[in-house]
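Everything below concerns the one structure shown next.
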Amino acid sequence: MRKCILVRTCYKKSFEKDHMMCFRLRWEVKKDRMCTGNDAYNCGLTSITPYFVIHKEYSITSYEGRPLYVLQVGEEKKAVWIDCGVHAREWIGPAFCQWFVKELDICVTPVVQMRFTASGQERVFFFCFVFCLQDRFWRKTRSKNHKFHCRGVDANRNWKVKWCGASSHPCDDTYCGPFPESEPEVKAVAKFLRKHKKRVEAYISIHAYAQMLLYPYSYKYATIPNFNCESAAHNAVTALYSAYGVKYRYGPASTTLYVSSGSSIDWAYRNGIPYAFAFELRDTGYFGFLLPESLIKPTCTETMRATLLCCFVKLNHPHELYSFLCTEQ
């Protein structure tokens, strides 16, 4: 019997039995086995998919006991990390990550294939935070604090970098946790990235909402020495604007959004990942977290353009990517 996992993305208006609001994708779990050619079809993916590998972090599960998986697209050597759903109420994040995988599988392959397969220079890791809950506007993880009878920690304040300049009260939405990496979901990602730190060239975290593209620092009013981050961010928001004319601001998170400590992009940069970005997707407050279904596709389409530029910021042949952006329908 084939062992499969169900990757769920919260974005439907009607509740299911487990209180998730979901799209569904199905892949066969084959640890450390690459699915190529016809094998890719057996993994629930089309035959043109170059490489899809699912890593299972056996030593760490979520607080609620679920196994944690990382979807790898591509080969060894250089890599890009993308995560989404860090804050449970930001449904458009997980929707975009699935969209990105679909587009790599179907649309983008002719352009990026030589980068992901022939040269073996790039790969992408995807990690989707999924929390089962009934509160549509829940932000935090699901861990318990028995003293205060409050649940959860802000997973984007729990990283080991200038930790807990945020709230130290367990009932607050921005509670930093009892100690850095106290949350198993954060610990799992940190452990994985440390293991692959020599290969990961870029870190991208998908959030909502504000229409911004952010990079370090978050915890102080300063700009990182890597000026290429600013150039890449400018090019990314320009590419995003070209789709539907939606304007994004970009800059250091502290000055563009607000000061926050213990964030994932600061941790990524501090741990040697030279390009670290956080997207705040649509919109700017009219719909907020309740982004209507009709805006899922355009949001994902425009974000795809920007994310590709962030992923391939170090390519020597950017005109190939530009050609894709100009011809994408």
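With the requirement that a residue be part of a helix (DSSP H, G or I) and at pLDDT below 85, what does the stretch 40-98 give you? The answer is A40, Y41, N42. The C-beta contact set for the stretch 162-178 (first residue without any contact (Cβ under 8 Å) to a residue 40 or more places away in the chain and in a strand (DSSP E or B), second residue small (G, A, S) and surrounded by 14 or more Cβ atoms within 10 Å (Cβ to Cβ), distance under 9 angstrom, 6+ apart or interchain) comprises Y175/G152; Y175/A166; Y175/S167.
Collect the residues in the stretch 234-260 that are of a type in the set (S, T, N, Q) and closer than 14 Å to Q211 by Cα, keeping them in residue-number order.
Of everything in the stretch 234-260, those that are of a type in the set (S, T, N, Q) and closer than 14 Å to Q211 by Cα turn out to be T238, T256.
Scanning for something under 18 Å from H87 (Cβ atoms), among the hydrophobic types (A, V, I, L, M, F, W, C) and in contact with a Ser or Thr (Cβ under 9 Å, 6 or more places away or on another chain), does the stretch 171-187 turn up at least one residue? Yes: one or more hits. Tallying residues that are loosely packed, with under 15 Cβ neighbours inside 10 Å and aliphatic (A, V, I, L, M) within the stretch 277-294 yields 1. Checking the condition outside any loop (DSSP other than H, G, I, E, B) and either more than 30 Å from Y241 (Cβ to Cβ) or among the polar types (S, T, N, Q) (or both), which residue from A202, A190 passes? Step by step, each of A202, A190 is checked, and only A190 is outside any loop (DSSP other than H, G, I, E, B) and either more than 30 Å from Y241 (Cβ to Cβ) or among the polar types (S, T, N, Q) (or both). Of everything in the stretch 246-263 that is closer than 18 Å to W163 by Cα, of a type in the set (G, A, S) and without any contact (Cβ under 8 Å) to a residue 60 or more places away in the chain, the residue that is surrounded by the fewest Cβ atoms within 10 Å (Cβ to Cβ) is S254.
The values are calculated or read from the model by the stated rules, or taken from the named source; none is laboratory data. All values derive from a computational prediction rather than experimental measurement. Because the Cβ atoms are built from the backbone with ideal geometry, glycine has one as well, and the counts that use them run over all protein chains shown.
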